[in-house]
Amino acid sequence: MKTITHEGVEYVLKADIESAFKDRISKLSARAIQAEEQAKALQEQMDNQSGELEKISKLQEKVSTLEQSLQDAESKYTRVSMLSEQGFTDPELREAVEWAYQRSKTEATLEDWIKGIKRNRKRLL
């Protein structure tokens with residue numbers, strides 16, 4: 001900056017001061033614009049991630065539902081296999097045996113319950 005000294009006081013040219021202010025304002029303006037662009041980009045990323053989190057949540061729900069369905073199917077397969085091994089091959093008869101087992105409210109497993117009935121069938125007659 002160019003300065004002038006007059007009567008012991010140092011003065012800076014008005015044009016130099018204006019130029020310094022303009023430079024400073026343009027630097028601050030450039031930083032503000034850059035910060036706004038970064039904020040906008042980060043907001044877009046957050047919005048995208050929010051959507052992805054919703055998708056993940058839905059997929060986790062679906063996985064849980066499918067796991068429960070698989071568990072139910074495996075349980076039913078195990079029961080049907082065991083009942084078939086015990087000689088109950090008719091689907092209606094298997095259903096009746098399961099119904100009777102559920103009504104018995106026993107703590108024994110279905111297989112043990114059936115074996116117990118077979119062992120003690122003379123008592124039933």
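Just so it is clear, none of the values below were taken in a lab; they were calculated from the coordinates. Because the structure is a prediction, the values reported are computed rather than measured. Cβ sites come from the backbone with ideal geometry, for glycine too, and all protein chains shown count toward neighbours.
Hey, among W99, W113, which residue is surrounded by 10 or more Cβ atoms within 10 Å (Cβ to Cβ) and touching a residue at least 12 places away in the same chain (Cβ under 8 Å)?
So the residue among W99, W113 that is surrounded by 10 or more Cβ atoms within 10 Å (Cβ to Cβ) and touching a residue at least 12 places away in the same chain (Cβ under 8 Å) is W113.
Output the qualifying pairs, or none if there are none: Cβ atoms under 8 angstrom, residues six or more apart or on different chains, first residue in segment 2-22 and in contact (Cβ under 8 Å) with a residue 24 or more places away in the chain and surrounded by 10 or more Cβ atoms within 10 Å (Cβ to Cβ), second residue assigned to a strand (DSSP E or B) and among the acidic types (D, E).
Cβ pairs passing all conditions: none.
Write out, first by first residue and then by second, each pair whose Cβ atoms fall under 9 Å of each other, whose residues are 6+ apart or on separate chains, and whose first residue, in segment 65-82, is touching a residue at least 60 places away in the same chain (Cβ under 8 Å) and more than 15 Å from T109 (Cβ to Cβ) while the second is surrounded by 10 or more Cβ atoms within 10 Å (Cβ to Cβ) and among the hydrophobic types (A, V, I, L, M, F, W, C).
Qualifying pairs under 9 Å: none.
Surrounded by 10 or more Cβ atoms within 10 Å (Cβ to Cβ) and out of contact with any helix residue (DSSP H, G or I) (no Cβ under 6 Å at 6 or more places or on another chain), is that true of L83?
In short, no.
Give the residues of segment 70-122 that are of a type in the set (S, T, N, Q), assigned to a helix (DSSP H, G or I) and within 37 Å of the chain's Cα centre (by Cα), sorted by residue number.
If the condition is that a residue be of a type in the set (S, T, N, Q), assigned to a helix (DSSP H, G or I) and within 37 Å of the chain's Cα centre (by Cα), then Q71, S75, T78, S81, Q102 are the ones that fit.
Give me the pairs: first residue in segment 39-53 and in a helix (DSSP H, G or I), second residue surrounded by 10 or more Cβ atoms within 10 Å (Cβ to Cβ), beta-carbon distance under 7 Å, and six or more apart or on different chains, which are they?
Note: no pairs meet the criteria.
Here is a list: E107, E67. Which entry is loosely packed, with under 10 Cβ neighbours inside 10 Å and of a type outside the set (S, T, N, Q)?
E107
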